[in-house]
Amino acid sequence: MSVNANRPGAARLVIVIADGLRADVAATAMGYVSALVEAGRARATQYACALPGMSRPLYASLLTGRLPVDHGIVTNEDGRACGATLLHDAHAEGLRSVVVAYHWFYELLTGERFNPLAHRHAVPAGLGIADAAWYFEDGYPDSHTFADAESLRQRHQPELLLVHPMGPDDRGHRHGGESDEYRMCARRLDGLLAHAVPLWHAQGYDVLLTSDHGMGRDRMHGGDVPSERRVPFVWMPRTDAPTRLLDLPLPDSSLGLRDFVRLHRQRLGAQASA
Ligand SMILES: [Zn+2]
């Protein structure tokens, strides 16, 4: 366990990026998350994702804080690395991360083509990543993604845990963004959070939930309509944090995640050194 993990006020954060989770479904089908908001323990906002609203360009935008037309990854087929990310930021501050995500994240962080037989638990160098699990089937169950993440979190006690469940995107591509199946997937995700968030809070982590893009009725995303663009951002800090975290200014676009993660550390760091 690192020194940081034991320091009062140390910033520990779980970032959940639920792939393809549209804002209206997150706001109406996720009762646990809404319960935290209704009780004044969480804050929720939403905004439009950047364009083109495709997964790989938007993973890169969430990680880097840059538009796809600026970081240059504008297709799902582009295998290049995306440049400096919020993981680089954490590493520069001496913090350790654990990442459980779709294999495109591995490619964005390394610029190397993912090979399932070589890279299932490969750790990209120079990023302070203590451990990782990369899945490579779109139907990989969210329940397994959460269990993978919690297993690695318990083993390494990282300051930053990035969890990327694919369920909403997969169910949306199969059944559409207004289907019963898609909505049920959001309900199940809410159930996974209802198990994990209290555990994470008890272990000193603050938690945020967001998404890369929405999902159209026609089983696709990428266009410029609210169903495909509006994504949630839900901030669920510990209630027993050493300083007030609930009022941190929430991002007003999907380019704001990287700054928000830095701001979270600054708020806790300022408190710890006060
Ligand atoms: Zn998709």
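The numbers here are math on the coordinates, done by the rules we state, and not lab data. Values in this document were obtained by computation on a predicted structure and should not be read as measured data. Cβ atoms come from the backbone with ideal geometry, glycine included; neighbour counts cover every protein chain shown.
Here is how the numbers come out for the structure above:
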| quantity | calculated |
| --- | --- |
| Verdict on Leu152 being away from the ligand (no atom under 16 Å from the Cβ), in a helix (DSSP H, G or I), hydrophobic (A, V, I, L, M, F, W, C) and within 27 Å of Asn115 (Cβ to Cβ) | yes |
| Selection status of Ser254, touching a helix residue (DSSP H, G or I) at 6+ places or on another chain (Cβ under 7 Å), on the phi < 0 side of the Ramachandran plot and hydroxyl-bearing (Ser, Thr, Tyr) | yes |
| Members of the range 188-218 found to be charged (D, E, K, R) and crowded, with 16+ Cβ neighbours inside 10 Å, listed by number | Arg188, Asp190, Asp206, Asp212 |
| Selection from the range 124-146 of residues that are exposed (fewer than 15 other Cβ atoms within 10 Å of the Cβ) and among the hydrophobic types (A, V, I, L, M, F, W, C) | Ala125, Phe136 |
| Breaking point among (1) within 15 Å of Leu108 (Cα to Cα); (2) under 19 Å from the mean Cα position of the chain (by Cα); (3) more than 15 Å from the ligand (Cβ to nearest atom), for Arg56 | (3) |
| Positions within the range 83-99 being of a type in the set (S, T, N, Q) and either farther than 13 Å from Arg258 by Cβ or touching a Pro at 6+ places or on another chain (Cβ under 7 Å) (or both), in sequence order | Ser97 |
| Subset tally (residues that are assigned to a loop (DSSP other than H, G, I, E, B) and either of a type in the set (A, V, I, L, M) or under 12 Å from Leu63 (Cα atoms) (or both)) for the range 76-101 | 6 |
| Flag if Ala202 is under 30 Å from Glu93 (Cβ atoms) and away from the ligand (no atom under 16 Å from the Cβ) | yes |
